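Computed from the coordinates by the stated procedures, all read-outs in this text should not be read as laboratory data. Here the structure is a predicted model, which is why all the values come from computation and not from measurement. Glycine also receives a Cβ, built like all others from the backbone with ideal geometry; neighbour counts cover every protein chain displayed.
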Amino acid sequence: MSIAKKLNIALIGSPNSGKTTLFNQLTGLNQHVGNYDGVTIDKKTGTMTYQNREAKLIDLPGTYSLYPIAEDERVVLNSLLNKKGSDYPDIILFVANAANLKKGMLLLSQLMDLNIPLVFCLNMKDLAEKRGYDIDIIGLQEKLQIPVLYTNAKKGDGIDALRKVIFDNTRKIGSPFRMSPSRIPTWIQEAKKVTGLTNDYATTLALCDYQRSALFDNAKRQEIESLIQEKQFNKIVTEVEDKKARLSDINALLTSVVTKDSKSNITISDKIDMVLTHNVYGTLILVIVLFLIFQGVFSLAKYPMDQIDLGFGAITAYLKGVLPDTWWQRLLTDGILTGIGGIVIFIPQIAVLFGLVALLEESGYMPRAVYLSDKLMSKFGLNGRSLVSFISGVACAVPAIMSARSISNKKERLITIFVTPFISCSARLPVYVTLAAFVVPEESVLGIFNLQGLVLFSLYFLGFFAALTTSYLLHKYFKTEDKSYLTLELPAYQVPSYKNVVVTLIDKTKIFVFNAGKIILIISIVLWFLVSYGPGDKMQQLEEQALTTITTENHDVVMRDLAAQKLEHSYAGRLGKVMEPAIRPLGFDWKIGIALITSFAAREVFVSTMATIYSSASDDVKTIQQRMREQVDFVTGEKTYTRARSFSLLIFYVFAMQCMSTIAIVRRETNSWAIAIAQLLFMTGVAYVASYVAFNYLF
Amino acid sequence: MDRTADKLKVNDTCIIESFNDASFTGRFLSLGIEPGAEMTVERIAMFNGPRIVSIGGLRFALRQEELKIIVVR
């Protein structure tokens with residue numbers, strides 16, 4: 001039996017309509033996450049099957065109307081207007097929340113006017129019944145002239161019937177909802193020639209959004225601009241009048257097909273909200289929730305991260321044992337495997353963070369958290385959702401920056417991404433712990449508080465302060481035409497769909513591994529080269545010299561000293577010496593310069609680099625501290641790691657963007673190397689100035 | 001002078017009359033916040049933060065700046 005051509009089905013609906021759950025039901029795990037061209041918006045596609053037929057199901061971003069405000073809404077419009085695009089649908093599957101039918105009807109009415117076959121799925125039937133709604137589905141179907149079905153996507157009810165109806169209706173175009181001649185420009189035929197579109201309403205929508213639409217190049221935009229000016233077309237008036245007219249028709253329609261019993265409206269959601277949105281209790285609960293996220297990312301991810309670390313260490317050791325000691329073995333073990341390990345080790349933190357955030361989203365709590373924190377965050381040019389990024393950043397900036405995608409305002413999102421790396425992440429902790437001992441002694445304050453612990457806390461506070469200050473300055477000095485708005489719908493609470501949570505965290509992890517991962521791997525290999533090779537044959541001479549002095553008794557000591565000498569004469573070491581004049585004002589020498597270069601791969605590499613530089617017998621912090629305490633300046637005879645120098649180095653790590661993974665993810669999320677590099681330069685500049693002040697003036 | 005929604009207190013109920021900023025009107029209409037709908041203020045966040053309002057069976061969080069756009073009676 002032959003298999004018919006694969007259909008394109010666009011799954012469209014407003015936020016909180018159960019679209020994601022429906023998508024997961026229809027496709028199972030047969031999904032793929034990609035990217036829409038030119039924007040950092042995930043593109044989810046999946047394969048839906050029915051009998052011998054297959055269809056590509058495209059989960060378009062949630063939107064309230066086809067007059068887009070944000071980029072994700074624009075993606076929906078572009079997909080529906082671009083007949084030549086790979087995503088142009090053969091049929092639209094529209095999903096609405098049966099308990100809030102009116103909310104989705106505006107969008108449905110617009111879709112009906114695009115002349116594309118349409119199936120209407122009324123989801124969350126159980127919720128509608130609980131709220132006392134009774135919808136005359138037959139009457140609705142007669143009035144709209146399109147198939148209308150009930151589903152409960154969470155339980156899987158109605159899914160099989162939905163598949164059948166979709167595949168049976170791919171050629172049936174229903175009547176348009178509203179093609180009022182008074183709202184379509186009289187010069188529409190002329191506009192259709194200019195835009196290249198064939199549908200009157202599609203053309204009207206394109207005229208309202210041509211400046212930002214991906215459909216048109218600059219030349220076409222200018223042509224449309226001329227036409228609009230000539231005809232004095234006002235897009236705002238057109239949009240408002242169109243929506244008002246549709247809503248009027250929708251209200252009349254719903255009056256005839258929807259009844260609601262007159263019982264009390266107070267639902268469980270309302271009762272929960274009395275506590276969760278309370279100014280005092282709600283805020284306390286929010287703090288607890290955020291603390292649990294923070295703790296969760298640290299503690300739940302720790303064990304798998306340790307296992308990954310051990311695993312890669314074991315694989316590396318095994319390969320070093322069985323493979324010949326050649327350049328390609330070292331590239332494989334110290335370059336590629338280290339790079340891959342550096343990517344994989346983030347997976348537990350990303351999975352835990354996005355799993356927890358997805359739980360909050362699925363339950364309906366996230367909008368409440370945004371509501372409670374919005375006032376404070378907006379003072380700094382941020383959004384309530386930025387708080388999730390900040391708290392997550394205490395564990396790791398990588399998933400924290402990824403979580404900023406939920407912020408729809410571009411400026412707020414960019415500011416959040418820009419400042420999040422200032423938050424002291426878990427990778428900084430080994431550096432802080434190592435150096436704190438040189439800044440303050442290990443004693444207590446008031447008999448209770450550990451002085452070094454207080455110093456660590458103040459470092460975290462310093463990072464948070466830098467983040468808020470930078471946000472404030474960026475907010476004040478970078479103006480944008482885009483208005484910042486909240487206008488946040490608070491959906492009913494519901495039991496999270498664990499399938500959705502798992503699918504979400506798999507998707508986010510894939511995005512990180514396959515996108516940012518590429519950049520991290522390349523930089524890892526470059527860093528490996530810089531520390532493994534040096535100019536001339538000095539490295540080889542050092543090895544030969546070491547072989548002449550090595551014995552069974554002094555083997556370990558000689559090998560450690562050899563490692564330190566090779567590092568000094570490597571390209572990284574040479575770079576450290578070249579950089580020394582620039583970093584000397586901060587109190588740093590070339591050895592610290594090497595550590596700054598190598599810890600660019602990951603901040604915690606600072607500790608192992610110091611171990612190598614000072615020929616430490618192990619990476620144990622106490623051992624390294626002891627070796628560092630023994631270091632003296634050969635010219636002055638003074639201790640190398642004075643309080644001033646240690647403090648300067650601590651401050652540098654508080655502010656500097658010493659993390660290639662963060663740069664990679666910023667590039668991915670902003671689609672811009674310019675922003676990632678500007679951020680790197682800015683944070684390095686702040687770190688430099690702060691360290692200079694700390695070294696020269698504070699002690 | 002027009003009365004705007006930012007002046008409302010908790011438990012105040014009113015009817016939305018119009019909007020005085022055309023650039024926000026489209027957004028409000030998309031969400032079902034439309035003239036003629038009944039609006040009740042349920043909660044005001046700390047430090048004069050956003051309000052939770054119920055309109056037509058739906059609940060929204062709106063900032064002061066957004067409520068100033070909604071003319072009510």
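For A:Thr469 and A:Gln51 in the same chain, what is the full-extension length gain: residue separation times 0.36 nm, less their Cα-Cα distance, in nm?
Answer, rounded to one decimal: 144.6 nm.
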Sites A:Glu442 and A:Lys518 - FRET efficiency at Förster radius 35 Å, r taken between beta-carbons, to 0.05: 0.20
Estimated vicinal HN-Hα couplings, Hz - region A:334-344 in sequence order (Karplus 6.51, -1.76, 1.60; Gly, Pro = x): 8, x, 6, 5, 4, x, 5, x, x, 8, 4
³J(HN,Hα), Karplus 6.51/-1.76/1.60, whole Hz, each residue of region A:228-237, x for Gly, Pro: 5, 5, 4, 8, 6, 6, 10, 5, 5, 4
Rounded tilt (10° steps) of A:571-583 against the dominant C-alpha axis of chain A: 90 degrees
Other-chain or far-sequence residues with amide H under 5 Å of B:Phe19's (modelled H): B:Val71
A:Trp528, A:Trp327 arranged by Cβ crowding within 10 Å, fewest neighbours leading: A:Trp327, A:Trp528
Among B:Phe47, B:Phe28, B:Phe19: highest mean-square fluctuation, GNM of chain B, C-alpha pairs under 10 Å: B:Phe47
Chain A: angle of helix A:410-419 to the longest principal axis, Cα-based, in degrees nearest 10: 20 degrees
Amide H within-cut-off set for B:Arg59, under 5 Å, with H built and near neighbours excluded: A:Leu490
Estimated inter-spin distance, A:Leu547 and A:Asn218, nm [label 7 Å along Cα→Cβ]: 6.2 nm
Under 5 Å, built H, 5+ apart or other chain: amide partners of A:Leu57: A:Ile9, A:Gly46, A:Thr47, A:Met48
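In which sequence would A:Glu54, A:Glu73 go, from the one with the fewest C-beta neighbours within 10 Å to the one with the most? It would help to have the intermediate numbers written out before the result.
Numbers: A:Glu54 17, A:Glu73 22.
With the fewest neighbours first, A:Glu54, A:Glu73 line up as A:Glu54, A:Glu73.
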Spatially near lysine pairs across region A:181-285, Cα under 23 Å, sequence gap of 8 or more or different chains: 15
Mean residue ellipticity (222 nm) of the protein assembly as shown, computed from DSSP H runs ≥ 4 via -39,500 (n - 2.57), nearest 500: -17000 deg cm²/dmol
Nonlocal Lys pairs with alpha-carbon distance under 20 Å, region A:412-534 (8 or more apart, or different chains): 4
Burial ordering of B:Ser18, A:Ser570, A:Ser691, fewest other beta-carbon atoms within 10 Å first: B:Ser18, A:Ser570, A:Ser691
Under the Karplus curve 6.51 cos²θ - 1.76 cosθ + 1.60, θ = phi - 60°, whole-Hz ³J(HN,Hα) for region B:31-39, x wherever Gly or Pro sits: 8, x, 8, 9, x, x, 7, 8, 10
Sequence-distant aspartates and glutamates (8 or more away, or on other chains) whose Cα lies within less than 15 Å of A:Lys410: A:Glu71, A:Asp72, A:Glu73, A:Glu481, A:Asp482, A:Glu669
